[in-house]
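The values are calculated or read from the model by the stated rules, or taken from the named source; none is laboratory data. Everything numeric in this text was worked out from a predicted model, so none of it was measured. Quick reminder, even Gly has a Cβ in these numbers, built from the backbone with ideal geometry, and neighbours come from all protein chains shown. Ligands, DNA and RNA are excluded from the accessible area calculation, which covers all protein heavy atoms including side chains. Shrake-Rupley method; radii C 1.70, N 1.55, O 1.52, S 1.80 Å.
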Amino acid sequence: MRETVLKVALAGLLHDIGKIAEYAMETEVDQDYLDRNAILFQPVFRGRYTHRHATYTSAFIEWLEKSLPEELNRAQWGLEDTFVKLAAGHHRPETALQWIIAEADRLSAGWDRLTFEKEYNSAIDWRDAPKTRLLSLFERLGFHEKMNRDDFKYVYPLREISPENIFPVEKDGALPKTDEEAKSDYKRLFREFTSAIEKLAHRKENIYLWFDHFESLLGIYLSFVPQARAGMTIPDVSLYDHSRMVAAISSALFLYHTETDSYNVESIKDEKPKKFLFVGGDFYGIQNFIFSEGEAAKYRAKMLRGRSFAISLYCELAADLILRRIGLPSTSMLIMAGGKFILLLPNTESVKNELAKAEEKINRWLLRISLGESCLGISHLESAPEELTRVRFSDLWEELKDRIWLKKFSRFSLFEHGGAVKGYLERFRPLNPPLCPYCGKRPSSERAEKYREKDDRSMCDICRDHIYLGSGITRSDLRVAITSKNADIREVKLLDPIFDEYQVTFTKGSLNDLARDGSLYKYWDVNVDPTQPISKTVTVRFIAGYVPTYREEDMHDKRILSRIKSGEKEDEGIEVGKIKTFEHIAAKALVIDENDKEQGVAALGVLKADVDHLGKLMSCGLSEEEISITRMAALSRQFNLFFTLCLPYLLKNDRRFHDIYTVFAGGDDLFFVGPWNRIIDFASLLNERFISYVCHNPEIHLSAGISLQKPNTPIQRVVDDVEDALSKSKDNGRNSITVFGSTAKWHEFYELMKMKSTLFDWFNRKIVNSAMLFRLNHFIGMVEKERVVCSKGGVRIEDMECLKWRAFFTYVTERNVGSVIKDESVRKEVRNEFLKVAEWLEKYREKLRIPLWGLIYDVRRGGRL
């Protein structure tokens, strides 16, 4: 049974591979082959065969026979059809298994049967199909006016995924002019794709593991290949997203019909029974989990990124545990981002029983390690195939969201898990200290003692595991191996296997022996170097794990060397390649002036940002006629790509941002720490890049908050402050940023940054001095008070002092601006130039603190916040 499920899923992944192969294999496939197979795989419309890509799907599988697992060409592998017929026969289905792929193909696109047969299955390929390029879902998100192909301004180049290629480009000038040019793009992509298939790991050792690697490879190469090219269908869904959804639906349909004794063509075509079970998972207590802190300050950075990575692991492995128990492949996981996931399962009693058992196992472990602060809420919703079609799917999606939200109020059974934690005090041992100082919650562990460094204190197993994860995630030379808990692993591993089921280790080897005996479950490349081509031999997981490390220039950087503890050698404690401390990151906000003195403020900037109204955008951003299950999955994946692939690339490739530390970034939000002035610059670029990423769609935007902190500030204080800043941005109608306690819309923020440049220029030219900058801060207070006074019904005489700020401003300008300039005409000219600050005060009021305080901190002497 398990073999057939994988066979069906893989056929779903490959069913439309002919859409990329037909242009690339024209010289490889002779006309005789096409003629002989057209009758098997291609439908007939108006007396001629259409959908030639179905025959090329067959040709692709046969041509790559030696590069694919041998099971695919074994006649006895799985039930019924040969693999070639199953993958290529969905336009002319005959057997029950072929009908499952055909139904999944239709449901993935959100078509009802009548529309599918009239508009798609009978459609003639559009004459310019080779020139068609993928349009962006972002461009029409939030606009319910009907858009035709010609209304779109952006397309994606036909390239593999990379930090640059994920950005859409303007259609004018980007589309190929001729069929030959268009086909050459397909040929190049196909050549690179097929070459990579040959190098995939574990092809001979474990087909289930190879399946994950292959699905990942499809994502790299097919994410910008348009799935729809026939008729007037809008090509805004990629071949990868469509094929992955077909694999998920096919797997669920097959298991449903085999387990309900309805495995026949008529039952498969019946749209009314509740065949599907949508499962939503939501990790509760993420912030408390990541930012909990004990008294010990050591390992703060490792703990933060280790816990962030742990959240990703817990969610992914929780989904895997459910799928593994039911017998479904990884393609049944439709969405995975930001501590949430959605699975598509068959709606059977056995599946519901396994789901309940898995939820209990997962939460029993999570409640034990978090003492009730974190758990995984799992909700499910039954659905019929007809509800996946356009118009009806929007109601289904809303109901699923409601169930996931309601689950928050009954996260776990209080009868089962409520009350005092049994045996808690009995876990303590005579260690130093008995309570883990890194989390302040769990007892220290004797097992963790052997991993202590000389000056470490005792710690609990979980904190030691998080430190281990936080150390390994930054190693670009290591991959993540996830195995059964009893697998024969010689490398360092977790002390407490996840869910008491999964062991995690970082390794360089291929682990073929573990793959062969089935104990290697996952093998990931998570440390994708954004400056290098993405790895294509194993499964890739994009995780924003960039952290700043000491570079050669840091070995001689006075800002860092002056902060090494007294009594140490100059170079002791720092080493090229070693991760920077928060104190040294804060020091990089300083500059060394011409007198070899430190200028500025050594402080951390903490940035938190997220996509505004993402849930509403996902639910209501597309019209009822456009929304489909595949588009929802594609949107989630594309939002996640911006945070997990684009942002690490920016941090690593722009010298200004080399010292910014990633706490987490994924799903729809981020949390970064860096030198305070570089964080402000990064927030500006972040928003600019996001606007480009979403095709300049005004309905899609970010809100951000920035707080300044000393390097040793307690984590919870840091989190509270930056959350407060982000809340102010949300309260400002969103699409805003809050810095120095002042909130501005993004377009205002860019204008304010120009004002900072102007003020800085005046300061350097000695037109204004530090005292004048502080007076400007006083004027901001007067302007704000004027606004409050003028809005009151009654005004006291003593409150009216602020109303004379304009006259006072002119007086101060005359007395202080340009006072060092001897030429009277020049002095008059710069004073007149400075008077435009009064206009800034009138227009921006307290928002002017953003550029002013930024400049004051930049030029401040003494280096302290």
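Measuring from centroid to centroid over Cα atoms, what is the spacing of the stretch 374-430 and the stretch 32-55 in Å? Measuring centre to centre over Cα atoms gives 48 Å. Placing pseudo-labels 7 Å out from each Cα toward the beta carbon at ASP30 and GLN532 gives an inter-label distance of 4.4 nm.
The packing ranking, built from the mean of other Cβ atoms within 10 Å per residue, places the peptides 597-607, 178-188 in the order 597-607, 178-188, highest first.
For the chain, taking a cut-off of 4.7 Å between Cβ atoms, the unpaired cysteines are CYS315, CYS375, CYS439, CYS463, CYS620, CYS646, CYS695, CYS790, CYS802.
Restricting the calculation to alpha carbons of the stretch 626-737 gives Rg and Dmax of 15.0, 51 angstrom. Quick one: angle between helix 393-406 and the longest Cα principal axis of the chain, in degrees between 0 and 90, rounded to 10, please. The angle comes out at about 60 degrees. With Cα atoms defining each centre, the stretch 649-713 and the stretch 251-324 are spaced 28 Å apart in the structure. Estimated from the Cβ-Cβ distance and a Förster radius of 60 angstrom, the FRET efficiency linking VAL421 and ASN73 is about 0.60. Please calculate the 1.4 Å probe accessible area of TRP405, with all protein chains present, and give it to the nearest 10 Å². TRP405 has an accessible surface of roughly 130 Å² with all protein chains in place. Put simply, when 32-42, 676-686, 303-313 are sorted by average Cβ atoms within 10 angstrom per residue, most first, you get 303-313, 676-686, 32-42. Would the stretch 778-865 count as rounded, prolate or oblate if I go by the C-alpha gyration tensor, calling it rounded below 1.5 in a/c and otherwise prolate when a/b exceeds b/c, oblate otherwise? Verdict is oblate for the stretch 778-865.
Legend: calculated FRET efficiency, THR260 to LYS171, from the Cβ-Cβ distance at R0 = 41 Å, rounded to 0.05, equals 0.30.
Remark: relative contact order (the stretch 302-419) = 16 percent; criterion is Cα-Cα distance under 8 angstrom and separation of 6 or more residues.
A protection proxy built from the mean count of other Cβ atoms within 10 Å ranks the segments 732-738, 340-346, most packed first, as 340-346, 732-738.
When its C-alpha radius of gyration is set against 2.2 N^0.38 Å (N residues), the stretch 718-865 gives a value of 1.15. Taking each DSSP H run with n ≥ 4 as -39500 (n - 2.57) and averaging over every residue of the chain yields -13500 deg cm²/dmol at 222 nm.
When a 1.4 Å probe is rolled over the protein heavy atoms, the share of accessible surface on the chain that falls to carbon and sulfur comes to 49 percent. Compared with the dominant Cα axis of the chain, that is its longest principal axis, helix 300-326 is turned about 20°. The Stokes-Einstein estimate for the stretch 384-476, based on a Kirkwood radius over Cα pairs and taken at 4 °C with 1.567 mPa s viscosity, is a diffusion coefficient of 74 µm²/s.
What translational diffusion coefficient, to the nearest whole µm²/s, does the stretch 8-58 have by Stokes-Einstein, given a Kirkwood radius computed over alpha-carbon pairs, a temperature of 10 °C and 1.306 mPa s viscosity? It comes out at roughly 140 µm²/s.
When both the stretch 161-211 and the stretch 714-767 are represented by their alpha-carbon centers, they are found 41 Å apart.
Per residue, the chain exposes 42 Å² of solvent-accessible protein surface, assessed with a 1.4 angstrom probe and all protein chains in place.
Kirkwood hydrodynamic radius computed over the chain comes to 29.8 Å, based on all pairs of distinct alpha carbons.
Simple spin-label estimate for LYS578 and ASP593 gives 3.2 nm between the two label positions (7 Å along the Cα-to-Cβ direction from each Cα).
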